[in-house]
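J.: Before I ask anything, let me first share the structure, which is written out below as structure tokens.
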Amino acid sequence: MASSKRIFSLDLGTQTVGLAEFQAGKTGGLTLVAYRASGLLADPSADGTRVRQTQMALGELVEGMRARGATVNYAISAQSVFTRFVKLPVVGEEQVDQIVGFEAQQNVPFPINEVVWDYQLVDAGSAEMEVVLAAVKSDLLEEINGAVESAGLRTGVVDVSPVALYNAYRYNYSNEDGCVLLVDMGARTTNLVFIEGRKVFSRSIPIGGAKITEVIAKDFTENFSEAEERKKRDGFVSLGGAYADPDDADVARVSKMIRNSMTRLHAEIGRSISFYRSQQGGSAPGHVFLCGGSASLPYMKEFFQEKLQVPVEYFNPLRNVAVGPGLNAEEIGRQAYMLGEVVGLALRRIASCPMELDLEPPGVARRKAVARRVPPLVLAVLCVLMALAAGWLYFERAAALAVEMAEKVDQQSLPLKDVERKIAAARKSSKALEDGVVPLLRLAEEREHWVRIINDINSRLTGDLVWLVGFRMESGVADAKPGRQGKSGKSAAKQVTVPHLLLSGLYLSNPADAKVVDDFVGKLNESGLYTVGDGGGRSVPNDTEWAHEFSVPLILKKPDEK
């Protein structure tokens with residue numbers, strides 16, 4: 001008996017959108033309990049509205065199946081995905097991601113930061129390994145995913161149609177031997193999936209049901225919708241050869257057009273088989289399975305059996321899948337060849353599949369990353385709230401104890417109030433005496449301050465190349481930049497904006513020239529009694545004088561200033 005666990009899978013075709021509901025059995029099996037499909041405009045001129053059509057059709061399916069809010073696995077058509085099979089030398093597991101990432105950058109025809117890609121290792125023998133790379137443009141994937149989520153579904157696994165079909169085959173035909181070819185005939189493309197043991201290879205051919213409709217529309221001078229209706233009403237694959245044509249001439253014309261298109265498709269299939277055998281080291285297919293919407297045309301199986309000369313039958317993805325009592329088993333059986341993708345997608349929810357690609361949209365990946373961070377954040381917030389509550393209780397209790405202690409202290413401090421008043425009066429008297437003594441102490445300190453300044457300046461003179469010849473106080477007003485050089489060759493000293501002590505001196509001619517003055521000024525800057533102000537000046541050394549003038553402004557600090 002199936003469990004109540006609902007599993008939804010979605011096939012996003014170019015011409016049909018199909019939504020299926022499965023239930024997982026207790027032993028791991030699947031039961032199909034509901035399936036609905038909705039058609040889209042087949043005309044290629046309506047491709048600009050394809051996403052909007054998908055959204056509207058899917059919205060109706062979701063409401064009809066009461067699936068709003070459910071998680072769904074869906075597959076993207078192969079024509080929208082770049083797929084490449086790459087052979088690589090066998091490397092250790094820790095090197096696989098690195099080497100596959102390099103191969104992805106080399107093989108994907110788009111900037112790697114503009115695509116979503118994934119890979120799957122395929123068993124290709126002990127001498128080498130084969131990697132299946134799948135990549136889709138990020139903006140296209142986000143657009144498709146937006147249509148899915150706007151219909152009320154949540155994104156699960158995003159797979160590729162041929163991969164989902166391969167998983168469905170492996171689940172239902174596990175005992176098939178030799179090389180098998182799945183021919184998935186869609187509206188725009190025909191996907192070929194070669195399966196040989198654990199080896200798999202796929203290829204897409206741009207020939208599908210829409211090509212047939214375009215030929216009919218051109219021959220009958222009809223629009224695409226009318227030609228599509230004619231194909232569905234009158235279309236079948238002409239048997240050719242000795243078989244008589246239908247009595248209706250229009251029907252005969254349509255059947256021959258379909259046969260011509262299928263002949264071109266057969267030629268492409270033949271070339272793909274040759275490529276698979278020569279480049280992939282595979283064998284010729286011994287069994288062919290047809291699936292996809294365009295495979296429903298009458299005599300399609302007979303045509304390919306005649307051309308390929310191997311057994312051809314319709315693919316049945318429900319071979320090992322039960323059909324629920326709410327469905328018409330006979331009707332579902334007639335549509336089974338179209339359900340391969342939805343079965344393969346549903347299998348991703350109940351078991352480990354042979355191929356497990358997941359082209360997760362960037363927006364979904366970001367939401368999942370946020371969701372993974374939510375539980376730790378909630379736990380952290382709860383811890384903070386608990387800590388705040390504990391702190392509040394602690395301080396509430398501490399405050400009550402403090403009030404109680406304060407009341408006891410107030411009672412014990414009453415006898416000390418008189419003592420406090422006497423002490424305050426004594427402090428006031430002492431403060432008045434201190435205020436009278438402070439000016440005298442400051443005068444004595446300033447008298448000694450000048451001696452300290454002169455001694456400090458003298459202590460910073462080293463050698464006999466720099467001489468001080470004068471000290472004087474200046475109180476002019478000017479900026480603090482060096483002056484421009486005058487006609488006498490001396491740099492005019494500019495005044496500073498505060499009163500300062502101006503040192504005048506001479507420095508003897510020496511190989512270092514005025515650097516000896518710079519060294520002296522640098523030592524003055526180390527003093528804590530004054531700071532060297534901007535301005536001052538020095539004469540330019542020449543060959544006619546043995547000593548040259550300089551001046552340095554010192555901005556004095558107050559005796560108690562640091």
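The values are calculated or read from the model by the stated rules, or taken from the named source; none is laboratory data. Every value quoted in this text rests on a predicted model; they were computed, and no experiment measured them. Neighbour counts are summed over all protein chains in view; Cβ atoms, including those assigned to glycine, are modelled from backbone coordinates with ideal geometry.
J.: Which residues, counting only those in the stretch 225-264, are among the aliphatic types (A, V, I, L, M) and touching a Phe, Trp or Tyr at 6+ places or on another chain (Cβ under 9 Å)?
T.: Taking the stretch 225-264 and keeping what is among the aliphatic types (A, V, I, L, M), we get 227, 237, 239, 242, 244, 249, 251-252, 254, 257-258, 262.
Correct list: A227, V237, L239, V251, V254, I258, M262.
J.: Restricting to the stretch 16-39, name every residue that is crowded, with 21+ Cβ neighbours inside 10 Å and either more than 23 Å from L347 (Cα to Cα) or among the aromatic types (F, W, Y) (or both).
T.: Within the stretch 16-39, F22, Y35 meet the criteria.
Let's see how each residue does on (1) among the small types (G, A, S); (2) surrounded by 11 or more Cβ atoms within 10 Å (Cβ to Cβ); (3) under 48 Å from the mean Cα position of the chain (by Cα):
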site: E360; (1), (2), (3): no, yes, yes
site: K368; (1), (2), (3): no, yes, yes
site: A371; (1), (2), (3): yes, no, yes
site: A390; (1), (2), (3): yes, no, yes
site: L393; (1), (2), (3): no, no, yes
site: P415; (1), (2), (3): no, no, no
site: P439; (1), (2), (3): no, no, no
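J.: On to the next question. Does any residue in the stretch 302-327 that is in contact (Cβ under 8 Å) with a residue 60 or more places away in the chain and farther than 24 Å from S161 by Cα come within less than 6 Å, Cβ to Cβ, of a residue that is assigned to a loop (DSSP other than H, G, I, E, B) and β-branched (V, I, T) six or more places away or on a different chain, and which pairs are these?
T.: Note: pairs meeting the criteria are F303/V237.
J.: Related question: Restricted to the stretch 8-34, and to residues that are β-branched (V, I, T) and part of a loop (DSSP other than H, G, I, E, B), which residue is nearest to the chain's Cα centre (by Cα)?
T.: Going residue by residue through the stretch 8-34, those that are β-branched (V, I, T) are 14, 16-17, 27, 31, 33.
Narrowing the set further to residues that are part of a loop (DSSP other than H, G, I, E, B) leaves 14, 27.
Values: T14: 28, T27: 38 Å.
Here the answer is T14.
J.: OK, next. Considering only strands (runs of 3 or more DSSP E) fully contained in the stretch 179-238, which possess at least 1 residues that are basic (K, R)?
T.: 199-205
J.: So for the stretch 76-86 (the condition being buried (at least 16 other Cβ atoms within 10 Å of the Cβ), part of a loop (DSSP other than H, G, I, E, B) and of a type outside the set (A, V, I, L, M)), does at least one residue qualify?
T.: Yes; the residues of the stretch 76-86 include at least one that is buried (at least 16 other Cβ atoms within 10 Å of the Cβ), part of a loop (DSSP other than H, G, I, E, B) and of a type outside the set (A, V, I, L, M).
Residue-by-condition table, conditions (1) in contact with a Ser or Thr (Cβ under 9 Å, 6 or more places away or on another chain); (2) surrounded by fewer than 19 Cβ atoms within 10 Å (Cβ to Cβ); (3) outside any loop (DSSP other than H, G, I, E, B); (4) among the polar types (S, T, N, Q):
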{"residue": "F520", "(1), (2), (3), (4)": "yes, no, yes, no"}
{"residue": "E526", "(1), (2), (3), (4)": "no, yes, no, no"}
{"residue": "D534", "(1), (2), (3), (4)": "no, yes, no, no"}
{"residue": "R538", "(1), (2), (3), (4)": "yes, no, yes, no"}
{"residue": "D543", "(1), (2), (3), (4)": "yes, yes, no, no"}
{"residue": "V552", "(1), (2), (3), (4)": "yes, no, yes, no"}
{"residue": "I555", "(1), (2), (3), (4)": "yes, yes, yes, no"}
{"residue": "K558", "(1), (2), (3), (4)": "no, yes, no, no"}
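J.: If you go through the stretch 167-179, how many residues are surrounded by fewer than 24 Cβ atoms within 10 Å (Cβ to Cβ) and either closer than 19 Å to E130 by Cα or in contact with a Ser or Thr (Cβ under 6 Å, 6 or more places away or on another chain) (or both)?
T.: Residues that pass the stated criteria total 2.
J.: Follow-up. Here are some residues: V116, V91, V148. Which one is assigned to a loop (DSSP other than H, G, I, E, B), in contact with a helix residue (DSSP H, G or I) (Cβ under 8 Å, 6 or more places away or on another chain) and either farther than 18 Å from S202 by Cβ or assigned by TED's automatic domain parsing to the domain that holds G292 (or both)? Before the answer, list the steps.
T.: Details: V116 fails: assigned to a loop (DSSP other than H, G, I, E, B); V148 fails: assigned to a loop (DSSP other than H, G, I, E, B).
Checking each option against the conditions leaves just V91.
J.: What residue, of Q55, Q105, is touching a Ser or Thr at 6+ places or on another chain (Cβ under 6 Å) and assigned to a helix (DSSP H, G or I)?
T.: Exactly one residue qualifies, and that residue is Q55.
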